[in-house]
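*Asks:* Structure below; questions to follow.
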Amino acid sequence: MSSFPHSEAFWAALGPTQLRNRPVVEARLETQLAAARDRWPAVEIDGAAFAAHWGEQLSRTTDPEAALEQLHVTDLYLAFGCAAGEVNALRAFSVQLTSAGAAVRGVDASPAFVDEVLQRLQTRVLVAEAGATPRILEYAGRGSLENWLRAGALRLALNARRDARRGPEPLPDASLWEPAAPTAERTLELLRGKYAAEFGSALREAFASLEPGERNVLRMHFLEGLSLNQIAAMYQVNKSTISRRMAKAREILLERTRAQLERALSLPATELDSLLQQLGPRLDLSLSSVLNPST
């Protein structure tokens, strides 16, 4: 009998290989798996699925026998747990993610920039796009997970600086903001684009003034396209908590956008309030156009 649980899943995924002496290999696998479980005792994953994933990573190497000794199995185990959405794995991942901040600080040391780049990295590697698996499964264990995350964080940080040099993207055609019901002439002029630049500037400044947590939930929903359930899973809270956070962030954003517009435009307070009531339901459209990693 094999000393390695789920050995059949492992060998099936590995396929034709140069690995010899199956009993010796399985004894080594058992030792490595025990070390991974000792490192992450609270992480519970599907053993057969992980064994298949492990075998698949070895099958992609040119020398599976050497890779058997070199693979970072403890990190591969954690990454697999994260991809499965295992709560304790995600908690451990948060610690790993924090260490990647050093790479971001080499580009821009401001806390807000570091926080937002790391949030984008977390979203990028943990949230699966439609019809795909989470990118964290691309981690093959050939280096440490920490270094893999550092490399990803550095790429995102450099891209953010590059995007910042390009300047903010233009807002969508203002005709998309037109309300269904008629409004005052000056409000219609604003909605058609007369003050589009002022509105875009006010929205950007208001967004930048939010707390990092407020910016992050808005960014993940409107820029990354994540559902409330997906965001809740990442923060390890329930959907209603995220819904409340997002509603509060939107309310603060609208209030601060109003304050910025009040300083920039010579509109009566009642007319400005009417305008923002019209734009409020369409704020989501505008947000998607102004959010970027460098905001």
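The values are calculated or read from the model by the stated rules, or taken from the named source; none is laboratory data. Since the model is a prediction, treat every value here as computed from it, not as a measurement. Cβ placement follows ideal geometry from the backbone for every residue including glycine, while neighbour counts extend to all protein chains displayed. We work out accessible area using only protein heavy atoms, side chains counted, and drop any ligands, DNA or RNA first. Shrake-Rupley method; radii C 1.70, N 1.55, O 1.52, S 1.80 Å.
*Asks:* For the list (1) modelled with pLDDT under 90; (2) over 30 Å from residue 161 (Cα atoms), I need the number of the one condition that residue 77 fails.
*Replies:* Going through (1) modelled with pLDDT under 90; (2) over 30 Å from residue 161 (Cα atoms) one by one, residue 77 breaks only (1).
*Asks:* When you go through (1) open to solvent by 30 Å² or more (accessible area, probe 1.4 Å); (2) among the small types (Gly, Ala, Ser); (3) farther than 30 Å from residue 237 by Cβ one by one for residue 85, which number turns out not to apply?
*Replies:* (3)
*Asks:* Check whether at least one residue in segment 269-278 is within 26 Å of residue 159 (Cα to Cα) and either at pLDDT 85 or above or hydrophobic (A, V, I, L, M, F, W, C) (or both), and report yes or no.
*Replies:* Taking segment 269-278 as the starting set, the residues that turn out to be within 26 Å of residue 159 (Cα to Cα) are none.
Within segment 269-278, none of the residues are within 26 Å of residue 159 (Cα to Cα) and either at pLDDT 85 or above or hydrophobic (A, V, I, L, M, F, W, C) (or both).
*Asks:* What are the residues in segment 64-90 that are of a type in the set (D, E, K, R) and under 17 Å from residue 38 (Cβ atoms), if any? Full working, then the answer.
*Replies:* Let us first name the residues in segment 64-90 that are of a type in the set (D, E, K, R), namely 65, 69, 75, 86.
Within segment 64-90, 75, 86 meet the criteria.
*Asks:* Could I ask something else about it? So which of 92, 132 is farther than 22 Å from residue 210 by Cβ and touching a Phe, Trp or Tyr at 6+ places or on another chain (Cβ under 7 Å)? Before you say what the answer is, go through the steps one by one.
*Replies:* Working: 132 fails: touching a Phe, Trp or Tyr at 6+ places or on another chain (Cβ under 7 Å).
After ruling out the rest, the residue left standing is 92.
*Asks:* Now for a separate question. Where in segment 1-116 are the helices (runs of 4 or more DSSP H), entirely inside, with at least 1 residues that are closer than 28 Å to residue 216 by Cα and within 20 Å of the chain's Cα centre (by Cα)? Walk me through how you get there before you give the answer.
*Replies:* Values: elements: 7-14, 22-39, 47-59, 64-70, 73-83, 87-99, 101-105.
Passing ranges, in order: 73-83, 87-99, 101-105.
*Asks:* Within segment 63-80, does at least one residue satisfy the condition of being of a type in the set (Val, Ile, Thr) and under 22 Å from residue 229 (Cβ atoms)?
*Replies:* Taking segment 63-80 as the starting set, the residues that turn out to be of a type in the set (Val, Ile, Thr) are 73-74.
Cutting the leftovers down to under 22 Å from residue 229 (Cβ atoms) gives us none.
No: segment 63-80 contains no residue that is of a type in the set (Val, Ile, Thr) and under 22 Å from residue 229 (Cβ atoms).
Conditions tested, residue by residue: (1) open to solvent by less than 50 Å² (accessible area, probe 1.4 Å); (2) part of a helix (DSSP H, G or I); (3) under 30 Å from residue 90 (Cβ atoms).
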residue: 203; (1), (2), (3): yes, yes, no
residue: 215; (1), (2), (3): yes, yes, yes
residue: 218; (1), (2), (3): yes, yes, yes
residue: 221; (1), (2), (3): no, yes, yes
residue: 233; (1), (2), (3): no, yes, yes
residue: 237; (1), (2), (3): yes, no, yes
residue: 243; (1), (2), (3): no, yes, yes
residue: 248; (1), (2), (3): no, yes, yes
residue: 251; (1), (2), (3): no, yes, yes
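*Asks:* Answer yes or no as to whether residue 26 is open to solvent by 50 Å² or more (accessible area, probe 1.4 Å), modelled with pLDDT of 90 or more and more than 29 Å from residue 154 (Cβ to Cβ).
*Replies:* no
*Asks:* Still on this structure, I have one more. Consider only pairs whose beta carbons are under 9 Å apart and that are at least six residues apart or on different chains; among these, list those whose first residue lies in segment 29-43 and is surrounded by fewer than 14 Cβ atoms within 10 Å (Cβ to Cβ) and whose second residue is part of a helix (DSSP H, G or I) and modelled with pLDDT under 95.
*Replies:* Close Cβ pairs satisfying both conditions: 41/88; 42/87; 42/88; 42/89; 42/91; 42/92.
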